[in-house]
1. So which pairs qualify, if the first residue must be in the stretch 37-54 and polar (S, T, N, Q), the second must be part of a strand (DSSP E or B) and surrounded by 14 or more Cβ atoms within 10 Å (Cβ to Cβ), the Cβ gap must be under 6 Å, and the two must be at least 6 apart or on different chains?
2. May I ask you to list pairs of residues, at least six apart or on different chains, whose Cβ atoms are under 8 Å apart, with the first in the stretch 9-27 being without any contact (Cβ under 8 Å) to a residue 12 or more places away in the chain and the second being of a type in the set (A, V, I, L, M, F, W, C)?
3. Is the stretch 17-32 home to any residue that is of a type in the set (Gly, Ala, Ser) and over 18 Å from the mean Cα position of the chain (by Cα)?
Amino acid sequence: MTPADIARVQTYLRRLLGSEKIRVVPPARKGLSVEIAVEDEVIGTIHQDDEEGEVSYSVHLTILEEDLPPPPRDPAKRTTR
């Protein structure tokens with residue numbers, strides 16, 4: 001992705017998701033993925049597809065189990081005292 005593509009995708013995602021905290025980060029080296037971050041936390045990657053002159057972008061979000069809140073307690077498994 002070119003710097004112009006990155007800026008356009010970032011503008012779109014910020015508007016779509018309603019947050020200026022979203023950043024699209026160019027790769028540190030050629031061949032690496034373009035990353036999407038919220039503030040300083042990388043949450044996924046963005047890939048550009050160009051099929052027969054039709055350009056699209058796909059976002060792959062990665063959610064780590066350790067970042068999730070604990071699961072809700074199941075009332076059916078509650079023990080009585």
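Since every read-out is calculated from the coordinates, none of them should be taken as a lab result. Given the structure is predicted, the values throughout are model-derived calculations rather than measurements. A quick note on method: Cβ atoms are made from the backbone with ideal geometry, for glycine too, and the neighbour counts reach across all protein chains shown.
1. Going by the 6 Å Cβ cut-off, the qualifying pairs are THR45/GLU35; GLN48/TYR57.
2. ARG14/ILE22; PRO27/VAL34
3. Yes, that holds for at least one residue.
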